[in-house]
Amino acid sequence: MPTAAAECIAIIALIAAIGAATLGPARLPEAAVAAPMAGLLIAIGVVRPHAAADEIGSLGPTVGFLAAILVLAHLCDAEGVFAAAGRLMARRSRGEPVRLLGLVFVVASVITALLSLDATVVLLTPAVFATAARMRLRARPHVYACTHLANSASLLLPVSNLTNLLAFGASGLSFGRFAELMALPWLVVIAIEYAVFRRFFAGDLAHPATLAPAGTGPAPVFACVVVALTLVGFGVASTLSIAPVWVAAAGAAVLAVRALVRRGMTPVRVLAASNPLFCIFVLALAVIVRGVSDHGLAHAVTRILPRHDVHADAAGLLTMLLVALGAAVLANLINNLPATLLLLAPAVAGGHGIVLAMLIGVNVGPNLTYVGSLATLLWRRTLVSRGAEPAVGDFLRLGAAVVPLALVAAVAALWAALAVLPG
């Protein structure tokens with residue numbers, strides 16, 4: 001097949017897969033279009049079978065980790081972790097909307113970092129929405145914080161986001177080194193988000209509050225201990241060259257056994273919590289992106305990105321800024337997951353600074369539009385199901401106020417970390 005024709009077919013398949021996932025009906029699984037498209041590309045020779053097998057094989061551990069962390073998050077929900085977080089925020093906020101916003105920022109940032117962004121958009125968002133409703137507060141600032149922090153607060157750890165996992169597996173960075181370099185950008189982005197939210201939602205935050213009883217319930221001590229030990233396990237496993245999927249699977253298994261023994265969960269529900277159709281979607285999308293990459297686009301991206309480590313000088317900072325900006329633009333055009341798959345190999349060739357700058361672009365940049373991140377679409381569906389569909393105009397204006405400033409500041413913080421903490 002001519003290269004131009006193959007590239008066009010692959011791009012159409014990518015647009016169809018992402019379009020169905022982001023704009024399709026809520027009941028349409030993401031894999032419903034992506035999987036047949038991937039199969040079609042293999043059948044007509046756009047992607048060779050061995051190339052598809054290589055792509056799926058290389059992503060296997062990453063997708064396995066995704067499934068395990070989803071199970072862990074849902075079992076934490078069954079243990080009452082998110083309900084307890086809602087009660088804590090209601091009690092500590094004392095009926096003050098600004099205090100509640102600050103608590104949401106803290107809780108959402110921690111949950112995103114430890115349990116991944118999907119836990120924040122799917123499990124924490126309903127708890128925050130219910131907390132604001134119970135306190136008779138305007139929910140907009142608090143639920144918008146959930147989606148923004150699901151993306152931007154996922155910078156900290158390799159396990160916080162699927163894009164991070166992809167980069168972590170290819171970069172050669174240790175778990176500790178990744179967190180060390182991304183800690184300052186993470187804090188800077190959260191601080192900027194908070195400052196912009198305070199100004200953008202000033203009217204909502206000034207609305208009088210009527211504090212309702214926060215309610216009581218058992219503290220989910222066991223689940224919190226398991227999560228803490230799992231996080232420690234990630235760090236230890238990294239030093240022993242053990243894939244994080246095994247640590248996540250162990251944490252999920254502990255909570256699953258407890259839930260099954262107590263009959264709070266069935267084996268079918270545990271399996272469903274891993275969202276197998278979404279995992280299939282990720283693998284299918286990787287095959288489609290391989291088709292796009294193999295027929296010209298990868299070469300164009302390789303020519304744009306630097307091929308050597310950047311230095312801690314003005315030129316290095318400018319290069320990292322351009323990489324982050326380009327990654328953010330690409331994420332908002334085709335979604336951050338395929339953008340990461342396209343950019344990863346040339347970014348790795350550019351060194352750790354370029355890889356992490358690319359991650360800033362694909363994690364912070366998606367706060368600009370709905371298309372940028374599947375997590376944002378999941379957040380929107382969560383609110384729609386509760387009769388509180390967010391206004392597109394509000395989302396776009398808030399993104400425009402936050403993203404450019406956060407991108408520049410986060411890259412500058414990363415550049416400073418690389419200079420101060422040479423590895």
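The values are calculated or read from the model by the stated rules, or taken from the named source; none is laboratory data. These numbers were taken from a predicted model, which means no experiment stands behind them. Using ideal geometry, Cβ is built from the backbone for each residue, glycine included, and neighbour counts are taken over all protein chains shown. Areas reflect the complete protein model, heavy atoms only, side chains present, ligands, DNA and RNA absent. Shrake-Rupley method; radii C 1.70, N 1.55, O 1.52, S 1.80 Å.
Counting Lys and Arg as +1 and Asp and Glu as -1, each charge on the Cβ, what is the dipole of the chain about the Cα centre in debye, to the nearest 20?
Dipole size: approximately 1340 debye.
Quick one: 3J(HN,Hα) in Hz for the stretch 368-382, Karplus 6.51/-1.76/1.60 with θ = phi - 60°, rounded, Gly and Pro as x.
Computed from phi, the couplings for the stretch 368-382 are 7, 9, 4, 5, x, 8, 5, 4, 5, 5, 5, 4, 4, 5, 4 Hz.
Please report, as a whole percent, how much of the solvent-accessible surface of the stretch 134-277 comes from carbon and sulfur atoms (probe radius 1.4 Å). All intermediate terms of the calculation are to be shown ahead of the outcome.
Numbers: 4560 of 6580 Å².
Ligands and nucleic acids excluded, carbon and sulfur give 69 percent.
Could you order Ile15, Ile288 by accessible surface area, starting with the largest, using a probe radius of 1.4 Å?
Descending order: Ile15, Ile288.
Cα atoms only, the chain: Rg and Dmax in Å?
Over the chain's Cα set, Rg and Dmax evaluate to 21.0, 67 Å.
For Val261, Val71, give the ranking by accessible area with the largest first, probe 1.4 Å. Before the final figure, lay out each step's value.
On the way: Val261 110, Val71 15 Å².
So, going from the largest accessible area down, we get Val261, Val71.
Can you tell me the accessible area per residue over the chain, all protein chains present, probe 1.4 angstrom, in square angstrom?
That works out to 41 Å² for each residue.
Whole-Hz ³J(HN,Hα) for each residue in the stretch 399-405, computed from phi via Karplus 6.51 cos²θ - 1.76 cosθ + 1.60 with θ = phi - 60°, x for glycine and proline: what do you get?
x, 5, 6, 9, 4, x, 5
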